[in-house]
Every structure is written in structure tokens, then in C-alpha cells.
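Right, one structure below, let's go through it.
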Amino acid sequence: QVQLVESGGGLAQPGGSLRLSCAASGFTFSRNEMSWYRQAPGKERELVARISRYGGSTNYADSVKGRFTISRDNAKNTVYLQMNSLKSEDTAVYYCYAHLVMDYWGNGTLVTVSS
């Protein structure tokens, strides 16, 4: 079955960096666009970044442009989110997402940005 497993979350200081990973299985990873979403406390889930099947095209939320980078390794069935210059408002649960015949979500990984 389809599985998306996120890792790499944790506590970071403002201005710091974290790298999230999402290991995918149960489908042909290289044939699918992948995305990262996040949900902050009391807010709706929002799209953070999206990457095309082979990584040639990426899209970002305005709030993270220039600070976050999405990438993928199709040989490892893994998508990454490099987060630099972190701000307190980046605190959220980050989810990996794939749309196949239906929507699939990982369980999420918590990122807390605080001094």
C-alpha cells in the first residue's frame, strides 16, 4: 500500500536550518509530482512547495520563497525540503503529499522554531 513517512523535524532556532525527508513506497514514485504542506496551530493546512516528477519544475508559497528548497531523489523514492533562515512562523506540522488516484498524506513531522 502507499506509504509516506516524514522525518527530520525538531527544534530549531530562528535563523537556523532543518532538512525534512519523505520516504515513499507503494507506488511508482518517479511518475508522480510530490508536495510538502504544513499546518500551524489554529490554522488551515497550506501548500509549502511542489516538485514535478523529475524535479525540473518547482513551486513555492510566497512565504518560503528564497528560504526553502524542495528536491527529490527518484532512485531513493525520497523527497526533501531544505529549510533555511527559519522563522517562528514556520512552526508547524509538515506533511508529505502525493495525489495518485486519491490523496495520500504522511503522518507529519513537527517543526518548532523558537529561541
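Any chance you could run the full-extension gain for Glu46 through Ala61? It's 0.36 nm times the residue separation minus the Cα-Cα distance, nm to one decimal.
4.5 nm
Among Asn59, Tyr97, Ser115, whose Cα lies farthest out toward the positive end of the dipole of the chain, if unit charges sit on the beta carbon of Lys, Arg (+1) and Asp, Glu (-1)?
Looking along the dipole axis, the top candidate is Asn59.
Taking springs between alpha-carbon atoms closer than 10 angstrom, which of Ala12, Ala75, Ala98 fluctuates most in the Gaussian network model of the chain?
Ala75
Using a/c under 1.5 as the rounded threshold, could you call the chain rounded, prolate or oblate? The axes a ≥ b ≥ c are square roots of the C-alpha gyration tensor eigenvalues, and prolate needs a/b larger than b/c, oblate otherwise.
prolate
When the Cα centres of the stretch 97-112 and the stretch 12-43 are compared, how far apart do they sit, in Å?
Measuring centre to centre over Cα atoms gives 8 Å.
Using Cα springs under 10 Å in a Gaussian network model of the chain, which residue among Leu18, Leu86, Leu100 shows the largest mean-square fluctuation?
Top of the fluctuation ranking is Leu100.
At what distance in nm do the modelled label points of Ala23 and Ser85 sit from each other, each positioned 7 Å from its Cα along Cα→Cβ?
My value for the distance between the label points is 3.2 nm.
Could you check the simple spin-label distance between Asp73 and Thr112, using points 7 Å along Cα→Cβ, in nm with one decimal?
Roughly 2.9 nm, to one decimal.
So what does Lys87 come to for accessible area, using a 1.4 Å probe and Å² rounded to 10?
Its heavy atoms expose roughly 90 Å² to the probe.
Extending each Cα 7 Å along its Cβ direction at Leu100 and Val5, get the distance between those two points in nm, one decimal.
Label-label distance for Leu100 and Val5, simple model: 1.6 nm.
Under a Cβ-only charge scheme (Lys and Arg +1, Asp and Glu -1), can you give me the dipole magnitude of the chain about the Cα centre, in debye to the nearest 20?
Here the chain has a charge dipole of around 220 debye.
The values are calculated or read from the model by the stated rules, or taken from the named source; none is laboratory data. Source: prediction; values computed, not measured. Glycine gets a Cβ as well: all are built from the backbone with ideal geometry, and neighbour counts include every protein chain shown. Note: accessible area is taken over every heavy atom of the protein model, side chains too, but ligands, DNA and RNA are not part of it. Shrake-Rupley method; radii C 1.70, N 1.55, O 1.52, S 1.80 Å.
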